[in-house]
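Have a look at the structure below before the remarks.
The values are calculated or read from the model by the stated rules, or taken from the named source; none is laboratory data. Owing to the predicted nature of the structure, the values given are computational and were not obtained by experimental measurement. With ideal geometry, Cβ positions are generated from the backbone for all residues, glycine too; neighbour counts draw on all protein chains shown.
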Amino acid sequence: NSEGKPIRCKAAVARRAGEALVIEEVIVAPPMSREVRIRVICTSLCHSDLTFWNLQHPPGIFPRILGHEAIGVVESVGKDITEVTKGDVVIPVFLPDCGECVDCKSTKSNQCTNIPFKVSPCMPRDGTTRFTDQNGEIIYHFLCISSFSEYTVIDIANLVKIDPEIPPNRACLLSCGVSTGVGAAWRTAGVESGSTVAIFGLGSIGLAVAEGARLCGATRIIGVDVNPEKFKIGKKFGVTDFVHAGECENKPVSQVIIEMTGGGADYCFECVGKTSLVQEAFASCRKGWGKTIVLGVDQPGAMLSLSSYDVLHQGKTLMGSLFGGLKPKCHVPILLKRYMDKELQLDEFVTHEVEFKDINKAFDLLSNGQCLRCVIWM
Ligand code: CXF
Ligand code: ZN
């Protein structure tokens, strides 16, 4: 019985920016108050893992255990934990949901005030770490999850208890990327049936937006991508039209979309992480009621420039969204049920699966744009 004791296990440690992860033995401390130690069942690679892995130090932080899209089983719990017990199956979510503050109690927000979201390298409440290496040196956390380890310690605000019936290599997708995309259409935008949607970037997030828009009854879903191959996979998630960015006979993409839709899309989603594309998406949405939702994550410090004419006088809305506007503890189980009821598609997102020892293959695949989701089995 490991309860209350440190656990020695394998973790894939990011030691330097952009360099292959090193699988090494680490020591995972027992959970403190309001913390839970979990055994990771499987994890998948999200683009944000690559973004932070590639950040030179500073602002990059090393050594660090990356990974935040996962599913696990509770190994032991710290003081003051009643929500889960040993053996429960849980999905970690990078966005805290304390359940007690004004925001967590409101249906209008998913931005917790008690534990404000930060890309902190430490545990959210006491700012220390639970990982050390063989030499006793600290290893930093990532997004409060650090799932590229056989065991990890997570704050209860970052865990959702789920129905264990769902296959783990599907459930883990609801931990970040797919939830973010589906949620952005469903919760942030509030896509209505009959709507026209334009999605900039058909990676996993963009395809998840398409899936969410399809479930909300959108009738026209326009995919925009530099790679025309993406239309094929897009069709499986309800993409009805395709715009090949960069091949529009010198017309800006926004003009093509305005012409296709007779005035602009009702909802536009930026899913790449380029501020220039946010401008293009914003220009593509309809005056009067068009909404543009930004999901992509650009480099830290990237600035957005929009003309005041466009912003103030056309009645359009520009919205940001974290975790697709979803409240983790309430909405993740709903999405999970919709998968079990065969409404929400998750299977098509999993293009690759590898063993933990081959985690660097997953990094290669996603870096080269060769996969949607690569599931890593621990
Ligand atoms: C992202 C959201 C924006 C900040 C960095 C992390 N989340 C997950 O991939
Ligand atoms: Zn993510």
query = Which of the residues belonging to the stretch 126-147 are assigned to a loop (DSSP other than H, G, I, E, B) and in contact with a Ser or Thr (Cβ under 8 Å, 6 or more places away or on another chain)?
reply = 127, 130, 141, 143, 144, 145, 146, 147
ask   = Going through the stretch 64-96 one residue at a time, which ones are more than 16 Å from ligand 2 (Cβ to nearest atom) and in contact with a Phe, Trp or Tyr (Cβ under 7 Å, 6 or more places away or on another chain)?
value = 75
key: Candidate set: the stretch 1-59, residues that are within 16 Å of ligand 1 (Cβ to nearest atom) and assigned to a strand (DSSP E or B); chosen: the one farthest from residue 126 (Cα to Cα)   = 44
request  = Of the conditions (1) part of a helix (DSSP H, G or I); (2) hydrophobic (A, V, I, L, M, F, W, C); (3) touching a strand residue (DSSP E or B) at 6+ places or on another chain (Cβ under 6 Å), residue 199 clears all except one; give me its number.
outcome  = (1)
task = Looking only at the stretch 276-297, count how many residues are more than 22 Å from residue 187 (Cα to Cα) and either within 14 Å of ligand 1 (Cβ to nearest atom) or without any contact (Cβ under 8 Å) to a residue 24 or more places away in the chain (or both).
result = 1
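Starting from residues that are in contact (Cβ under 8 Å) with a residue 24 or more places away in the chain and surrounded by fewer than 20 Cβ atoms within 10 Å (Cβ to Cβ), keep the ones in the stretch 262-275 and report whichever is nearest to residue 347 (Cα to Cα).
Keep residues of the stretch 262-275 that are in contact (Cβ under 8 Å) with a residue 24 or more places away in the chain, which gives 263-275.
If we keep only those that are surrounded by fewer than 20 Cβ atoms within 10 Å (Cβ to Cβ) too, we end up with 263, 274-275.
On the way: 263: 35, 274: 28, 275: 31 Å.
The qualifying residue nearest to residue 347 (Cα to Cα) is 274.
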note = residue 271 fails exactly one of (1) closer than 20 Å to residue 194 by Cα; (2) touching a Phe, Trp or Tyr at 6+ places or on another chain (Cβ under 7 Å), namely (1)
inquiry  = So if I check each of 28, 22, 36, which one is without any contact (Cβ under 8 Å) to a residue 24 or more places away in the chain and more than 16 Å from ligand 2 (Cβ to nearest atom)?
reply    = 22
key: Verdict on residue 190 being surrounded by fewer than 24 Cβ atoms within 10 Å (Cβ to Cβ) and under 14 Å from residue 271 (Cβ atoms)   = no
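Grab the strands (runs of 3 or more DSSP E) fully contained in the stretch 271-378, keeping just those with 3 or more residues being at pLDDT 95 or above and within 21 Å of residue 55 (Cβ to Cβ). Reasoning before the result, please.
On the way: elements: 291-294, 317-320, 350-355, 373-377.
Here the list is empty.
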remark   = Across (1) surrounded by fewer than 17 Cβ atoms within 10 Å (Cβ to Cβ); (2) within 16 Å of ligand 2 (Cβ to nearest atom); (3) more than 24 Å from residue 321 (Cβ to Cβ), residue 118 clears everything bar (3)
